[in-house]
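The values are calculated or read from the model by the stated rules, or taken from the named source; none is laboratory data. If you're wondering where the values come from, they're calculated on a predicted model, not measured in any experiment. What goes into the accessible areas is simple: the full protein's heavy atoms, side chains included, and nothing from ligands, DNA or RNA. Shrake-Rupley method; radii C 1.70, N 1.55, O 1.52, S 1.80 Å.
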Amino acid sequence: MKTGNADMRDLIYVHLHEKERFVISYGIEFKEFYHFLKDTISSILLLKHQFEDGEFHPHTMLDYVPKQKLEKLSRQDVEDYGDFSWIDFEETEALDLLEGQTIAELLYLGHIKDHLRVPFYQQLNNKYAYLAHEDGWFNKTYYKNLETFYSLICDVVTSKLSHLKMEKVLFGIKKKRVYTPLPKQTIMALKDFMKEGMVISIQNIIQNRFRLEIPIWIIGDFANMDSMYEEYEKKSKQNCDAKLILDKKTKEWQVVIL
């Protein structure tokens, strides 16, 4: 019961594992991740992929993508790769210094999508480990600093709102909506919900001239996104657990826990 790309644009599932610094998600795609975080990524070592323009690294026997090619990768339909996994690194020379144990851990990480130890390596100085199956459908992403994730989800929610159906203005000309960015402190008020597993439903927003409301439901811990979506469809028929509310006059966001 897989949903299409349109559903991924309109629904975000997040399950935060704070201690191990990873997030399981649905609805956040690599092109969004790269767009908002590209200034923090130097190069990436590909663990699972089908990108044909990578560069081969003989010591690790893996392909990598230097910074100048990341934009090209971000334009690929990486969801069609099936598995798409990578870890970032700062200097290519550092790859030559990786020991066999570390390379084995990286191969395990890319294949199993789980860590033998939390995947942040001094040699690589990496900030992320990105593990996806049908990118946007199932993503497991490790963040060296979880503050980066909170900023990302704010940017992604605001971006998805801006891609909603355009509004008609004078003379029937359609105009793209521009929304006030969602502040990080607002989304962080939902941290406990994220730890339980929550959905943010762009597809079920309610709005008028004065305010916009985005419903949020706690739905639990899922690795199978078919099951997650089925649970969401059940829960979405009930009252939501919280709302993100934008006052269009003051341009201020708030969280209301119900």
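What the table below lists for this structure:
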{"item": "Ranked order, 84, 138 - accessible area, probe 1.4 Å, largest first", "result": "138, 84"}
{"item": "Value of [θ]222 nm, deg cm²/dmol, for the chain, DSSP H segments ≥ 4, -39500 (n - 2.57) each, nearest 500", "result": "-8500 deg cm²/dmol"}
{"item": "Whole-Hz ³J(HN,Hα) from phi, Karplus 6.51 cos²θ - 1.76 cosθ + 1.60, for the range 246-258, glycine and proline x", "result": "10, 7, 5, 7, 7, 6, 10, 9, 8, 9, 10, 8, 9"}
{"item": "Per residue accessible area in Å² of the range 183-258, where ligands, DNA and RNA are left out and the probe is 1.4 Å", "result": "55"}
{"item": "Entries in 113/184; 113/248; 38/113; 69/191 that, when Cα-Cα distance is taken, lie over 32 Å", "result": "113/248; 69/191"}
{"item": "Rounded, prolate or oblate (a/c below 1.5 giving rounded, otherwise prolate when a/b exceeds b/c) for the range 104-167 by Cα gyration tensor", "result": "oblate"}
{"item": "Euclidean distance of C-alpha centroids, the range 105-154 and the range 198-244, integer Å", "result": "25"}
{"item": "Gyration tensor (alpha-carbon) shape descriptor, the range 181-247, a/c threshold 1.5", "result": "oblate"}
{"item": "Residue 64 accessible area, assembled protein chains, probe 1.4 Å, Å²", "result": "30"}
{"item": "Cα-based shape type of the range 30-118, given that a ≥ b ≥ c are square roots of the gyration tensor eigenvalues and the cut on a/c is 1.5", "result": "prolate"}
{"item": "Carbon + sulfur, % of accessible area of the chain - ligands and nucleic acids excluded, 1.4 Å", "result": "48"}
{"item": "Solvent-accessible heavy-atom area per residue, rounded to whole Å², over the range 1-152 at 1.4 Å", "result": "44"}
{"item": "By accessible area with a 1.4 Å probe, ligands and nucleic acids excluded, highest first: order of 198, 188, 61", "result": "61, 188, 198"}
